[in-house]
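Scroll down for the structure; my scribbles are underneath it.
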Amino acid sequence: MLLIAILLLPLPLTWLERKIAGHIQQRMGPMRVGWHGLLQPVADGVKLLTKSDPRNQSSQKNSSKLSELLEFFVFGAAIDFW
């Protein structure tokens, strides 16, 4: 029961947050999907799941992993010296 609540609670909270931000900015907020934008969080989730992975899947796979590892170590070294 708790897991279901944790998974479903962000949907109305996201909608409410966007509505309040829209009110503060003197605009209506999300209104494109569903009645008063109630399906906007669902549409955002579908968009996120259908987006393609920005990393190159072919020849630069190893160099991409190497650059991420190098970035991690350089960042760690910068923190150590700070």
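General observations
- Hey, ARG32 loosely packed, with under 10 Cβ neighbours inside 10 Å, of a type outside the set (A, V, I, L, M, F, W, C) and modelled with pLDDT of 70 or more or not: yes
- Among the conditions (1) modelled with pLDDT of 75 or more; (2) outside any helix (DSSP H, G or I), the only one that ARG55 does not satisfy is (1).
- Failed criterion for LYS47 (all others in (1) farther than 30 Å from LEU11 by Cβ; (2) at pLDDT 80 or above hold): (1)
- Close pairs (7 angstrom Cβ cut-off, 6 or more residues apart or separate chains): under 18 Å from GLN40 (Cα atoms) in the range 2-16, among the small types (Gly, Ala, Ser) anywhere: TRP15/GLY37
The values are calculated or read from the model by the stated rules, or taken from the named source; none is laboratory data. Values in this document were obtained by computation on a predicted structure and should not be read as measured data. Positions of Cβ are backbone-derived with ideal geometry, glycine not excepted, and every protein chain shown enters the neighbour counts.
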